[in-house]
1. Test of understanding: what is the full-extension gain from Asp219 to Leu349, defined as 0.36 nm times their sequence separation minus their Cα-Cα distance?
2. Under a point-charge model restricted to the Cβ atoms of Lys and Arg (+1) and Asp and Glu (-1), what is the dipole moment magnitude of the range 5-66 relative to its Cα centre, in debye to the nearest 20?
3. Work out, step by step, the length gained on full extension between Gln132 and Ile82: first 0.36 nm times the residue separation, then minus their alpha carbon distance; give nm to one decimal.
4. Given the pairs Lys204/Lys239; Lys188/Lys247; Lys183/Lys363; Lys121/Lys173; Lys153/Lys298, which span a C-alpha to C-alpha distance of over 22 angstrom in this model?
5. In debye, nearest 20, what is the charge dipole magnitude of the range 186-333 about its Cα centre with +1 on Lys and Arg Cβ and -1 on Asp and Glu Cβ, if you could check?
6. To the nearest 20 debye, what is the magnitude of the charge dipole of the chain about its Cα centre, counting +1 on the Cβ of each Lys and Arg and -1 on the Cβ of each Asp and Glu?
7. With label points built 7 Å along Cα→Cβ from the Cα atoms of Ser20 and Ser34, find their separation and express it in nm.
8. List the aspartates and glutamates whose alpha-carbon lies under 13 Å from that of Lys362, not counting same-chain residues fewer than 8 positions away?
Amino acid sequence: MIQTIYQSIECRVRVEGKDSDPFSILVGLLQGDSNSTLIFNIIFSMIVEISLQRLEQAGVKLRVRIDKNFFKILKSRSKGEIISLLELIFADDTCLCSENEEHLQLAVQIFSEVSLWFGLKVSTDKTEIMLQRAKYSASLKRPSIFLDGQSLKVCHEFKYLGSLISDDAQVTKEVFTRIHRAKAAFSKLYQRVWSRNTLSLKTKISVYRTMILPILTQDCETLHLTHSNFKKLEGCQYKFLRTICNKKWEDFVHYTELFDLLNDKQISLPLIEVSIRMKRLSFFNKILGMSTDRLLKKVLFSDALNGKRKSGRPLLSWRQAITQDIKFFDMTDIMLDDNYPQYTTSGQLKLEKRFSVVDDQKKSILRAKRDTRHKGYKLILV
């Protein structure tokens, strides 16, 4: 039926109310046409389904333990359900996952062959390999994956949709990237916004919230940020607010004094840490409200079946960060409530109520530290 629509098509061009002679359309479906998205999704789903049938043993094995209470899963030792995570798809981009080099080579080869059956070709220039290792060592062998006789590039960092993915599974480089992009965007608005005395402080903060803060905290709900990461982000916001409020470093203005200045103008702006933890818990609530067949929820309630973590102190995971967020907002009572996932709406309302309270408490703690540090001292500029 779809082929019939695009066969023997004739068109006319209307200019000033007059139609031209009919001419034939020799080009079929193009990118951007109304049916291109639908047809591509159908074809791509068939490619993935056929590839999965031929790669039953490939992929990353996960043990899924879905229970009423998410926090009890962290200490559970039940058998659970074993699933295989092979592909992650967004639009026309595909990520193939594997636990060893042989399975990944087989997955790349089969996926490329099946794509050719439907007239699609995997680009070797845009395809890269990343090895996420538990312990970095220069002596470890780099994977060698070939596609159409060409060796695929092995990368240590990969930028996708504005986020930086690194092979050590850490977010430090991502945080520095966010800070650099936010500073670049902030500097471009210096002459037009921040240095303008004709603009009110409320207008400048509104611009900052709309154009700078989203760059600084993009996808922050998916990051497992440490205390040092939060300090870097807070320091970046401090510099921004100091410029917006027309203060210089010679003024020795404390971070909390800038918030006090905003409060005097009836302008509310939260701490970066409080805002990020709020977004992360909101995202966590959405995942709990999903059905059990959703992949995102299965991954959240799962552990790797194979492999061992490196010796020493374990790194902070996203699930452990969620536990810290709940303690941060003093909502530990929900960790013992087995019915909490059934009432994610009420949990979200409680979180919103605690947001402003915790933000004021953290700012008060910063003020107390400032007063203690500078007690008995007075700085006089000559």
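The values are calculated or read from the model by the stated rules, or taken from the named source; none is laboratory data. Every value quoted in this text rests on a predicted model; they were computed, and no experiment measured them. We place every Cβ from the backbone using ideal geometry, glycine too, and count neighbours over all the protein chains shown. SASA here: full protein model, heavy atoms, side chains in, ligands and nucleic acids out. Shrake-Rupley method; radii C 1.70, N 1.55, O 1.52, S 1.80 Å.
1. Numbers: separation 130, 0.36 × 130 = 46.80 nm, distance 2.19 nm.
Taking 0.36 nm per residue and subtracting the Cα distance, the gain is 44.6 nm.
2. On the way: 7 positive and 7 negative charges, 124 e Å.
Computed charge dipole of the range 5-66: roughly 600 debye.
3. Numbers: separation 50, 0.36 × 50 = 18.00 nm, distance 2.16 nm.
Gain in length upon complete extension: 15.8 nm.
4. Working: Lys204/Lys239 14 Å; Lys188/Lys247 19 Å; Lys183/Lys363 24 Å; Lys121/Lys173 33 Å; Lys153/Lys298 31 Å.
Listed pairs above 22 Å: Lys183/Lys363; Lys121/Lys173; Lys153/Lys298.
5. On the way: 26 positive and 14 negative charges, 116 e Å.
Roughly 560 debye, rounded to the nearest 20.
6. Working: 61 positive and 43 negative charges, 488 e Å.
It works out to roughly 2340 debye.
7. In this crude label model, Ser20 to Ser34 measures out at 2.3 nm.
8. List returned: Glu234, Glu273, Asp330.
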